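This report refers to the structure that appears directly beneath it.
The values are calculated or read from the model by the stated rules, or taken from the named source; none is laboratory data. These figures come from a predicted structure and were not determined experimentally. Note that we place each Cβ from the backbone using ideal geometry, even for glycine, and neighbour counts take in every protein chain shown.
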């Protein structure tokens, strides 16, 4: 806590004075973030730090395991953040960002370790599909480290699938107004992997090539062909 207090003091005395006009502008004009990032609550993974984004540039939702529960009528913080980002803020990109050495994925691998954390155990059920994929579709007898890495990567793709069940996301995708991304941050190397939806694999970020996307926003995706070019109804 002493370090936190010192940081607040430094911000107030040295940082904020030079950025006061920016903060006043953010209050006057409101926020207009470029993207929603759903990331893990792990203290070593900061989306703002990784992307070098400033105040007002990202709308961030963090939780154990970068999980997106499938849409239900029961309200939840992640669902509310998604709906607000898409409907109210009009973000054009949503990123699900996993990472290496994820404690949530370790808990998914060893459920007996969660005996005293029933809330965590219940929350991780939203990632059960990733564990089933690794157990049944990957080679048997994997090294625990390889199993953990595969689980953390598959979890990103599972949460992207859950994300598509949310009505606001489904509608924005259908209108061609939203792009979905799956990222994986390697803490130890600083490497960022991105999920290529067409190739169904993660690839390293390359400055010259940019980042592939999980689901691009190119055209309207309605199921009835004659309506694909029709004007979008006013909201």
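Within the stretch 85-103, one or more residues are farther than 29 Å from residue 191 by Cα, touching a helix residue (DSSP H, G or I) at 6+ places or on another chain (Cβ under 6 Å) and surrounded by 12 or more Cβ atoms within 10 Å (Cβ to Cβ). From the list 116, 145, the lone residue that is exposed (fewer than 13 other Cβ atoms within 10 Å of the Cβ) and part of a helix (DSSP H, G or I) is 145. From the list 118, 111, the one residue that fits, being out of contact with any helix residue (DSSP H, G or I) (no Cβ under 7 Å at 6 or more places or on another chain) and farther than 23 Å from residue 187 by Cβ, is 118. Taken over the stretch 174-194, the criterion of being surrounded by 15 or more Cβ atoms within 10 Å (Cβ to Cβ), under 21 Å from residue 44 (Cβ atoms) and in contact with a helix residue (DSSP H, G or I) (Cβ under 9 Å, 6 or more places away or on another chain) is satisfied by 181, 182, 183, 184, 185, 192, 193. Within the set 60, 68, the sole residue that is in contact with a strand residue (DSSP E or B) (Cβ under 9 Å, 6 or more places away or on another chain), part of a loop (DSSP other than H, G, I, E, B) and either at pLDDT 95 or above or closer than 16 Å to residue 155 by Cβ (or both) turns out to be 68.
Taking the stretch 93-113 as the range and being on the phi < 0 side of the Ramachandran plot and either in contact with a strand residue (DSSP E or B) (Cβ under 6 Å, 6 or more places away or on another chain) or in a loop (DSSP other than H, G, I, E, B) (or both) as the test, the residues that pass are 93, 94, 95, 96, 97, 98, 99, 100, 102, 110. Restricting the stretch 24-48 to residues that are over 15 Å from the mean Cα position of the chain (by Cα) and in a helix (DSSP H, G or I) leaves a set whose member that is surrounded by the most Cβ atoms within 10 Å (Cβ to Cβ) is 26.
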